[in-house]
Amino acid sequence: MLLSRLLVWTLGNSRCFTLLTILARNLNTRWSGRDDLEATLRKVRNVGTSLPIRIACFEQTLCCSILCLSKRRAVTARIGIGVAPLQFHSWVCDAAGKPILEEPNVERFVILSEVNLLSIRGASD
């Protein structure tokens, strides 16, 4: 968590996604199962609630992606924008593109940036 917060603070959001892309190019990755992704994201969220700093959706997505890559598991990370009211949101998806542990209304966000870490490397199960 602190690593992802530090990355966001020093690099900014777009550079963090670029860093994930670079990391994925150098790893032989394969898809994480949906259960594995859910467990990883739950752990990230649980740790985030115990920290005295704000851990929002982007930090959770970044941290989950870093953890999955450290296990050589691929994940899709997305950043989207919603209107009325204007909102930004970030989330992770499984191999089928389905959001992990998100409300059904996440589909209303227009995707601004998507990092599909599997397709970068071209690995498979």
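The values are calculated or read from the model by the stated rules, or taken from the named source; none is laboratory data. Small disclaimer: the values here were computed from a predicted structure and weren't measured. Heads up, the Cβs are rebuilt from the backbone with ideal geometry, glycines too, and the neighbour counts pull from every protein chain shown. Surface accessibility is based on the protein's heavy atoms, side chains included, excluding ligands, DNA and RNA. Shrake-Rupley method; radii C 1.70, N 1.55, O 1.52, S 1.80 Å.
Considering the range 38-61, the residues that are of a type in the set (A, V, I, L, M) and at pLDDT below 85 include one that is nearest to residue 111 (Cα to Cα), namely 55.
Looking for something at positive phi and modelled with pLDDT of 90 or more - is there at least one such residue anywhere in the range 99-110? Scanning the range 99-110, I find at least one residue that is at positive phi and modelled with pLDDT of 90 or more, so the answer is yes.
Of all residues in the range 30-69, those being under 13 Å from residue 90 (Cβ atoms), open to solvent by less than 30 Å² (accessible area, probe 1.4 Å) and hydrophobic (A, V, I, L, M, F, W, C) number 8.
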